[in-house]
Amino acid sequence: IYTLSLHDALPIWFSGIEYVYLDGRTRDRPARIARFREGGAPVFLISLKAGGFGLTLTEADYVFVLDPWWNPAAENQAVDRAHRIGQTRAVNVYRMVSADTIEEKVVALQQRKRDLFASVVDTGEFRSAAITATDIRGLLE
């Protein structure tokens, strides 16, 4: 089986479409952000970790989440980069998850974390929802 990293697949998926890519290895971050903001590329592809820190993108009106993160707060923080003061357009967020993948299992873990948060905030009751060894095995099966 041959697999491509996301970075290697981008030129194939976006053939003929200008795009800017940003992840934790990016060294010229300000230049890439400026290129997107100034209209040099209509598509800005950002890893969740890189997008969740110190970035405001009110120029964005679509957000596609392709790699769900186990912590829904981290994912929401990255998505919120497009929902900042100065945003004048509606922002559409799409979360894409393939069936029968580890990402699908990560989304289920996210829901457990949301449910735990809601039970603590809404009812004041704390029920332990620690990730168990069974949960970890479930991710790998």
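Odds and ends about this structure:
- Residues with amide H under 5 Å from that of Val65, placed H, sequence gap 5 or more: Tyr94, Arg95, Met96
- Sequence-distant residues sharing a close amide H with Val20 (under 5 Å, placed H): Val43, Phe44, Leu45
- Between the beta carbons of Ala99 and Thr58, assuming R0 = 30 Å, the FRET efficiency works out to 0.35 to the nearest 0.05.
No lab work stands behind these numbers, since they all come straight from the coordinates. In this text, all values refer to a predicted model and were calculated from it rather than measured experimentally. Because the Cβ atoms are built from the backbone with ideal geometry, glycine has one as well, and the counts that use them run over all protein chains shown.
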